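Each remark here refers to the structure printed beneath this line.
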Amino acid sequence: MSEKRILTAAEQPEAGAALKKSLEMTKADVVFEVRESNMRGRGGAGFPTGVKWNLAGAASGANKMVICNADEGEPGTFKDKLLLEKYASKLLEGMTIGGYAIGSSQGIIYLRAEYPYLVPGIMKVREELISKNFLGEGILGTDFSFDVEIRMGAGAYVCGEETSLIESLEGKRGEPRNKPPFPVNSGYLSRPTIVNNVETFVSVPYIILNGSEWYQDLGIGSCTGTKLFSISGDVENPGVYEFQMGSTIGELLEVAGVKDVQAVQVGGASGTTISAGELDRKLSFEDLPPGGSVIVFNSSRNMMDVLENFLEFFVHESCGQCAPCREGNVRLLDTARAIRGGKITSREELKPFFMLAEVMKLGSKCGLGQTSPNCFVDIITKFIDFPDGKGGM
Amino acid sequence: MPNVSVTINGVTTSVREGVTILDSCKTAGVEIPTLCYHPDLSLAGNCRMCLVEVEGWKTLAIACVTPVTPNMVINTHSKKVRHARRTVLKLLLAAHNVNCPECERNKNCELQELAEKHNITFNEYQTSPKPSSIEEVSPGIMRDNSRCIMCTRCVRTCEELQSVAVIRPVGRSASVNISTFMDLGLNNVPCTQCGQCINRCPTGALFETSEIRQVWEAIEDPEKFVVVQTAPAIRVGIAEALGLPTDRTTGKMVAAIRGLGFDRVLDTDFTADLTIIEEGHELISRLKKVLVDGDTDTALPMTTSCSPGWIKFIEHKYPDLLPNVSSCKSPQQMFGALSKTYLAGKEGVDPSKVICVSIMPCTAKKYEKERPEMRDSGYKDVDYVLTTRELASMIQEAGIDFDNLHDEKYDRWMGDSTGAAVIFGATGGVMEAALRTAYEIVTGQEIPFEGLNIIPVRGMEGIKDAAITMPDKMASGFEFLAGVTLKVAVVHGLANTRKLMDKVRAGEVDYHFIEIMACPGGCLGGGGQPIPTNPTVRKKRSDAIYEEDAVLHFRKSHANPEIQLLYAEFLKEPLGHKSHELLHTHYTKRD
Ligand SMILES: Cc1cc2nc3c(=O)[nH]c(=O)nc-3n(C[C@H](O)[C@H](O)[C@H](O)COP(=O)(O)O)c2cc1C
Ligand code: SF4
């Protein structure tokens, strides 16, 4: 596998070409094509996009909604920003195709609070698309209408979680909902709703234009397509790179120019921390869930600093709704500090906190609490030595 | 919904598709611990106590929210589940001010009970003990956030049952807590002081503002003549508050209260009957003004005024409809005013020495007695209000063996009760009592319901209504009502009240009289009643109340002998000069 530029290629397909083709297909065929492509959502959780669209399309309920998750709150992630800046036309086209596929005429972009300066650019693209009849009333002479508005995010990491995002859009406190019901059945204002990541929507026009088989040939196994990675930290050329799914983390680091690696954080603060010995692991949902960010730490970094930093982030960002996450992250941070302070000196003393980490993963209400202990487990297991062995259980 | 087959802990059973795992386990006799779940409220799923394992799921499922699906395989005490539950429980305990002996809810706390059941004797996650932090002080309700476990039952109660919505989670992560708008405090927001949040708090984070100490001091002061009044709903709540089965225990209650050392034990039922006379005449007078005089200033429907939570609610939310509220004080406040005038005279004591204590199922009564207009006797009409729970706590402190007491009777002058007064404690009771009396006043005949039981206004439905057509032959002076159909409605819980009042405001309903109780079930479900509350408990209390009505000798307010004496000797006539001075009041628009 290797670097491969499709979404970020210099040569881009003509705006509206994929939409035109979609409108000539039946809705079911559009959903089918996306489903067959095997594309999995690019927002982190990796849910198959075609399956989501199929469920929303089949759901009963009026005024279905298409929501683009542009909250991009995962630390170290800036790939959606690039797409919003340079490829907004493909984003709006992907959303419009989504609207056609599920039977919705209304789209919302939930834009990260720190990105207000992107609004004029996106709105300009919207105007252009409307003027070409790719957006708005009666698109390309059909009876399909679709338009998109931008709403600003609330500035909380948890608002990137789709149900919390929906609560926030409804003007409520941004707290995750219980599932079921899932948004595809009852989302924004109880309407059937698809929430997809920016990159997910941007990928759609390419799938439609080139077909699902072409897309399946990119990547490995059930992890198809290309994926953007925001690479930062101790690298020579930080930035956004596009790679095929299934590329190894080592291939990525080589292109970005990394010499000295102690650890790599894959998939943001809630992702996986790997050591220098694991660089041949593959970026895929089966092996190393990719998320959007890759942060490199060289050997000068104290991994306990890194851990404390991540845990402080989660302690700050937990919505505080459910007990394991609200209380758990604080305890994990206390524990990390106790290790540094020499108050915890053995694996044995850590046992209850590994149990806590496990319960948080199993019992928290949303992805935040379910993944926040990852860094604790990974860093202590892989990087911290105790007299009675490495930190893991 | 069709039935589906599910396997719970290895046993396959058939349950209705779509019911929750929690309910299907309950049916199968498997208990699952819960904290944020409450049968009166929507599902929050935030405490994570009810985690169970579902085969094929990556994470554990919460039983309270998750519906069963065909062939679901559920395990409620696998190793994973047991570890998760114990860990969640320990986390909640670690974040809780575990000072049980000093807590109002010691021995009646859901968190404590779960800790006991799960044998939590050591907590690895305990850091430093959490100190008490009283965040809220208001006349009726106090909050100590150090005991809060963020289950949001209070928040949901306030919003869903009461449509008041003055409390919310604020902040994030471990510093999240329940607070009022801008941290203003319950006293400075449109809180109705109904105390329904207290009744649904699983721990001791919410409790009443106690006046036990002041009451003991009054009893112990030889200078003071301490009279006590007991509200209708106390007699079906006190046994429960003492850990006994729900029952009507009026005689034992009187004996216990007398045993505490009060100088006179009297009955709010007496002034409940008085309320019926005054309010009944007020209704008839309003009907006459509208029907005969064509007066457009007189507001109909008239609403009751005995629930202070309702009064505060309308003052905040429907100030334009205040003219619709009866001018009658609540029975508690009528009692207070009479205790320091009529009763002091009868007993030959200096009214300045009289201390009036009331035992109420209600926290809003604590607020009501502080209202500046409630001083018509020349003194503060009611000095102290204790909830049913506080009374139980005094009885326990005094070492009184309640269950083995012999029945005793109330003292005289203001101790007579009727069945009509007793049913004030249940939703629909005031309406039934009023109809029993008003119908008889205007027609000269008993209301034509078998056994005087006006069934259409009874029961737990949120909004009930009834229509009663007057006969052609009326008592002298009331001929204007001949053939008129009187339309009445009964509502309980403020969310239901809001629905009805919106219709009243919009002119969509043509009721003449509406009974409104702030609390679900009426006073029997009041914020001062024993905890827990739920539909089953409220039904039991309601049954006990209607039993008491059925066995009492007098069933109609105007038949109360002491009420007759009060009018003959003191008040002279309903809505008369003295009544207006002592028994009627006015309201205040609030925003
Ligand atoms: C705490 C938390 C934060 C999240 N933040 C984002 C985000 O910023 N952007 C995003 O696309 N998805 C985010 N997600 C994932 C969303 O919940 C959801 O899975 C995603 O938007 C679905 O789109 P996709 O299927 O196209 O990936 C977050 C999830 C969690 C639990
Ligand atoms: S896991 Fe954390 S962020 Fe998610 S609902 Fe629970 S407290 Fe909120």
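Brief remarks follow.
- In terms of overall dimensions, segment A:155-308 has a Cα radius of gyration and Dmax of 18.0, 51 angstrom.
- A Cβ-based charge dipole, computed about the Cα centre of the protein assembly as shown with Lys and Arg at +1 and Asp and Glu at -1, lands at about 1040 debye.
- Alpha carbon convex hull of segment A:226-297, projected area averaged over orientations, nm²: 3.8
- Rounded Å value of the spacing that divides the Cα centres of segment B:132-167 and segment B:260-284: 32
- Per residue of B:42-49, other chain Cβ atoms within 10 Å of the residue Cβ number 5 on average.
- Using only Cα coordinates, the Kirkwood hydrodynamic radius of segment A:2-218 works out to 17.0 Å.
- Shielding score for A:351-359, defined as the mean number of other chain Cβ atoms within 10 Å: 4
- Cα centroids of segment B:345-399 and segment A:91-120: 63 Å apart.
- For segment B:237-290, the direction-averaged projected area of the alpha-carbon convex hull comes to 5.5 nm².
- Taking N as the residue count of segment B:86-187, its C-alpha radius of gyration divided by 2.2 N^0.38 Å amounts to 1.14.
- Convex hull per residue volume in Å³, alpha carbons only, for segment B:3-77: 83
- Pairwise label distance in nanometres, B:Arg168 with B:Lys572, each label 7 Å out on the Cα-Cβ vector: 5.4
- Segment B:200-224-segment B:7-52 distance, computed between alpha-carbon centres (Å): 38
- Couplings 3J(HN,Hα) for segment B:501-516, derived from phi with the Karplus relation 6.51 cos²θ - 1.76 cosθ + 1.60 (θ = phi - 60°), are 5, 4, 6, 4, 4, 7, x, 8, 10, 10, 6, 9, 9, 10, 8, 10 Hz, where x marks Gly and Pro.
- Basic side chains Lys and Arg get +1 at the Cβ, acidic Asp and Glu get -1 at the Cβ, and with that the dipole of segment A:2-218 about its Cα centre reaches some 300 debye.
- Computed label-point distance, nm, for sites B:Ile212 and A:Met355 using a 7 Å Cα→Cβ extension: 3.6
- Over 24 Å (Cα to Cα) - which of B:Lys329/B:Lys556; A:Lys81/A:Lys365; A:Lys81/A:Lys124; A:Lys86/A:Lys172; A:Lys27/A:Lys172 fall in this group: A:Lys81/A:Lys365; A:Lys86/A:Lys172; A:Lys27/A:Lys172
- Ratio of the Cα radius of gyration of chain B to 2.2 N^0.38 Å, where N counts its residues: 1.02
- Projecting the Cα atoms of A:Leu218, A:Leu228, A:Pro183 onto the charge dipole of segment A:163-266 (Cβ charges, centred on the Cα centre) puts A:Pro183 farthest toward the positive pole.
- For segment A:1-100, diffusion coefficient by Stokes-Einstein and Kirkwood Rh (Cα), 37 °C, 0.692 mPa s, µm²/s: 217
- Around the Cα centre of segment A:143-199, unit charges on the Cβ atoms of Lys, Arg, Asp and Glu (plus for the first two, minus for the last two) sum to a dipole of about 280 debye.
- Mean projection area, nm², convex hull over Cα of the protein assembly as shown: 45.9
- Accessible surface calculations at 1.4 Å, restricted to protein heavy atoms, place the protein assembly as shown at 37 Å² per residue.
- Inter-chain neighbour count for B:74-81: the average number of beta-carbon atoms from partner chains within 10 Å of each residue's beta-carbon is 1.
- Ordering of B:409-417, B:211-219 by packing [mean C-beta count within 10 Å, highest first]: B:409-417, B:211-219
- Residue among B:Val19, B:Ala44, B:Asn75 farthest towards the positive dipole end of segment B:1-101, charges placed on Cβ: B:Asn75
The values are calculated or read from the model by the stated rules, or taken from the named source; none is laboratory data. Predicted model, so just to flag it, every value in this text is computed and none were measured. Note that we place each Cβ from the backbone using ideal geometry, even for glycine, and neighbour counts take in every protein chain shown. To get the accessible areas, we keep the full protein, side chains included, count just its heavy atoms, and leave off ligands, DNA and RNA. Shrake-Rupley method; radii C 1.70, N 1.55, O 1.52, S 1.80 Å.
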